[in-house]
Structures are given as structure tokens and as C-alpha cells.
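Quick notes on the structure that follows.
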Amino acid sequence: MNLGQRRWPPEPAEEELKLLAEVARSRIWTDGPWTAEVERRMERLTGAPHAVAFNSCTSALHAALQAMGCVRGTRVALPALTFAGTATGAAHIGAEMAFTDVDPGTLAVTGRLPEADIVIAVDLHGVPHGLDRVRADGRAVLTDACQSIGSVLDGRHVGAAGTHAWSFSSAKLIAAPDGGAVTTGDAGIAERLRELRDYGVPAGESRSNAAVVRAGGHNWRPSELSMAMVAHRLDGLDRWTARARAVTARLHEAMDGAGLWRQSAGETARPAWHKIRFGAPGWAPEEAARMERALARAGVATHRWGLVPLNRHPAFGGAGRAGPPVAQAAAAGTLCLGTEAAPPMTWNDDEVEQVCRILETIIGS
């Protein structure tokens, strides 16, 4: 069993390589048909009326905040337990960030929100957050959905309502060299997004000659090569989503049998599990370290995703400052199974069963 070898992202097949060669030979490398195709497919997939493609989820979040009216001094609430890219756009804009705590089961932002103008909620590891997807207590909601492209909530895709930012980076279910998108039900937000991703020039006009009408615009256009790969790989999303769910269900069963804590989802949620996060009951950091060493000796890799909560990043507030207690404890006392280069969904059935036995015997004891 070699669970450390690179298995993800999937190697391009001959059909995909042929497609990429055709796109390269076309010499239309931005603003082309594949960008439009990804936008159409994201609308069909999520059920959202509008989709706008970007060169990354980070830039998509940044632009979405601006399109939703975020300016310097706007107060933005966001969970402390998430990736730095969730906060990068708000920091660039000069927003005032209020880091919130997370639910001890789902690790998603809770309804106990501080005063804020905009809320960034995160579908952490594919688990849908529990806030209203459009407005929470009268405040606009932007969902960082970078890890939940195949997740379902209340029988619908999580992106069906509200404004969501998606990622197509190499570690995601739809993996490409780069790329992102925003889906939204708001036509005004979609129009502003198209201007912002193209220097602030009105959509469809020549950026060389037209006036910049939208402050804060940037060159956030995706490449046609990445968009062609994304469009091609969206055809396989159901297969990878089903595999992620099946593997996670079996590993969760073993974790439950071993008496471990593991991230959970609400009753009406069907996550496309991006990561499998677990720990000892009580999230003792020394127990997490012990499990990490024991699993490594048994040939099972783990990684510490989100070990430093955002409120402790020097750029966002500084180390040494106490933060939301649940987020702090979960960051220090839990692990993610596998690695981003070899996530559990890439393990074969025999490997999954071996890991289950290790969890039930070595870790459970």
C-alpha cells in the first residue's frame, strides 16, 4: 500500500490532450468560446441564472465582494477556520474583517454572527454551511464554495440560490491548472463581475479603447486552455462525487467504530466530501499529534489543513491574539486523512479497507 504517491489531479487522457492542442493552435487564449461554455455549464449544474468565469477562486471572491458593494471599511464577517484565500480579497479591498466561530460538528459558520455588512460563509470540505444562501439576518451572504462543487442541500445543488465562488484548482474535484467562477441569482452582480474581471471596462467593449467604468477592476480573465479542461472535466463530476461519498461513508463508519470525532453534515446535506477531517474526542492537540505519528508509521498519510486560524495570521490580525475557541481547538486538534496529491477518493477499495482496519485497531486502541 503506497498512499503517498501522486494520484491527483488526474492525468490528461489522449482525448483531453487533443482538445488542449486544438485550443492552443486556435490562438484564442482568453475571452473565447470555452470561457462561455464553462459559464453555461456552471449555470446548468448549479441552477443559478448567471455564471462568470475567473482565473481563480481567490479573484472570484475578491470581485464578488466588490460587486456586492464591499469597499474600504465595510465590515465583513467570515469564519476563522478556513483557507487564507477566503480573506485575501477582503484584505485587498481594505474591509474590516470580523472572524467568527464555527459549529463543533460541521465546522461551518454558525448563526451567531457579529455585526457586519456582508457575510462570507464557507462550505468547509464540501459540507454546506447552515446560513440562508442569499441573506442572513438581513446581511448579504457570499459563499466560498471552492470545495463543494458537487454538494447537494435540500435536494438541490448548493449553488442554486445566492452568490457563490467556485474553484477549479488542481486539488479540487474539477481540477485544472487554474480557474474559478462566480454563480449568482443577481443580474446586477453578474454584470459588475464581467466588468471587474476585465479592468473595469463594460462587458463586450474593447479594453484598449473603451473607458474604465468600474473602479477596482483587474485582469482576472481565465485562460481558454484551463477553461477547455474545466469544461471537459465537468462531464466526470458525478463519477468523482459518487466516489468521494462512497469512500467517505466507509471511512466515517470506521472512525465511528473507533470512537473518533469526525466532521459531520446536516440531515438535508449530501456533501461531495473534499476532505475527511477527524480527531480524538475533545480535540486534544497531543492526541492529534500521536495519531498523526501512528498513521504515518502504518503508511497512512495525513495533513494539517488550516492549522493556523485566520485571526492568527499576521496579515489578518496577528499571532498571539486569542480567537474563536471552537475554530482554534479544531485547527489544533484535528487531522485530514490523505493528502491533496492522494486524496482518499483516489484509493482503491482494498486500500480503503486497509485504512479502516488501521483506524479501528491502531488508532481506536
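The values are calculated or read from the model by the stated rules, or taken from the named source; none is laboratory data. Here the structure is a predicted model, which is why all the values come from computation and not from measurement. Cβ sites come from the backbone with ideal geometry, for glycine too, and all protein chains shown count toward neighbours. Only protein heavy atoms, including side chains, enter the accessible area calculation; ligands, DNA and RNA are left aside. Shrake-Rupley method; radii C 1.70, N 1.55, O 1.52, S 1.80 Å.
For the reader, a short list of remarks on this structure follows.
- Test: Thr35 is in a helix (DSSP H, G or I), under 15 Å from Val141 (Cα atoms), open to solvent by less than 40 Å² (accessible area, probe 1.4 Å) and touching an Asp or Glu at 6+ places or on another chain (Cβ under 7 Å): no
- Flag if Glu224 is touching a residue at least 60 places away in the same chain (Cβ under 8 Å) and open to solvent by less than 40 Å² (accessible area, probe 1.4 Å): yes
- Test: Ala165 is out of contact with any Leu (no Cβ under 9 Å at 6 or more places or on another chain), at pLDDT 95 or above and not in a helix (DSSP H, G or I): no
- Residues within segment 244-267 that are at pLDDT below 95 and in contact with a strand residue (DSSP E or B) (Cβ under 7 Å, 6 or more places away or on another chain), tallied: 0
- Within segment 38-52, residues that are in a strand (DSSP E or B) and open to solvent by 20 Å² or more (accessible area, probe 1.4 Å) reach partners that are charged (D, E, K, R) and at pLDDT 95 or above with beta carbons closer than 9 Å, at six or more positions or on different chains, in the pairs His50/Glu39; His50/Glu43; His50/Asp186; His50/Glu191.
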